[in-house]
Amino acid sequence: MDSKPKKNTITEFLEFLKEYNVMALATAFIMGAAATSLVKSLVDNMIMPIVGFLIPDGAWREFILPVGPILFKVGAFFGELLNFVIIAFVVFMIAKYIMKEEKVTKK
């Protein structure tokens, strides 16, 4: 027979949380959600006005490509694609800066 005392479910669960850093993951998820709105605001209110100024005819997001009875909203798609690329780049730069600072503090 097994001589080890049996762990109750709550103890096992708490050990799981500690071992797999679930709280750190949850914190990172919440911070990511908060950062998403901040970065989206940066893109919408600071970067996209510049892009809109540089691209003639600011209604490019409304461009529709009709193919028979189907209407492809090409402008809206490329607008969202541009938003994604800008947001991904901003998040990359922020993460790169944070990682750089982390390396400096560890030395």
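The values are calculated or read from the model by the stated rules, or taken from the named source; none is laboratory data. These numbers come from a predicted model, not from an experiment. Glycine also receives a Cβ, built like all others from the backbone with ideal geometry; neighbour counts cover every protein chain displayed.
Can you say whether Ala88 is at pLDDT 85 or above, out of contact with any Leu (no Cβ under 6 Å at 6 or more places or on another chain) and surrounded by 10 or more Cβ atoms within 10 Å (Cβ to Cβ), as far as the supplied structure shows?
Answer is no for this residue.
Which of the following residues is in contact with a helix residue (DSSP H, G or I) (Cβ under 6 Å, 6 or more places away or on another chain), under 30 Å from Ile98 (Cα atoms) and not acidic (Asp, Glu): Val85, Val39, Val22?
None of the other options fit; the residue is Val39.
Against the condition part of a helix (DSSP H, G or I), on the phi < 0 side of the Ramachandran plot and at pLDDT 80 or above, how does Leu81 come out, does it pass?
Numbers: part of a helix (DSSP H, G or I): yes; on the phi < 0 side of the Ramachandran plot: yes; at pLDDT 80 or above: yes.
The answer is yes for Leu81.
Looking only at residues in segment 48-75 that are at pLDDT 80 or above, part of a helix (DSSP H, G or I) and in contact with a helix residue (DSSP H, G or I) (Cβ under 6 Å, 6 or more places away or on another chain), which one is surrounded by the fewest Cβ atoms within 10 Å (Cβ to Cβ)?
Glu62
Yes/no matrix, rows are residues, columns are (1) at pLDDT 80 or above; (2) part of a helix (DSSP H, G or I); (3) within 18 Å of the chain's Cα centre (by Cα); (4) of a type in the set (Val, Ile, Thr):
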| site | (1), (2), (3), (4) |
| --- | --- |
| Ile10 | yes, yes, no, yes |
| Phe13 | yes, yes, no, no |
| Asn45 | yes, yes, yes, no |
| Lys103 | no, yes, no, no |
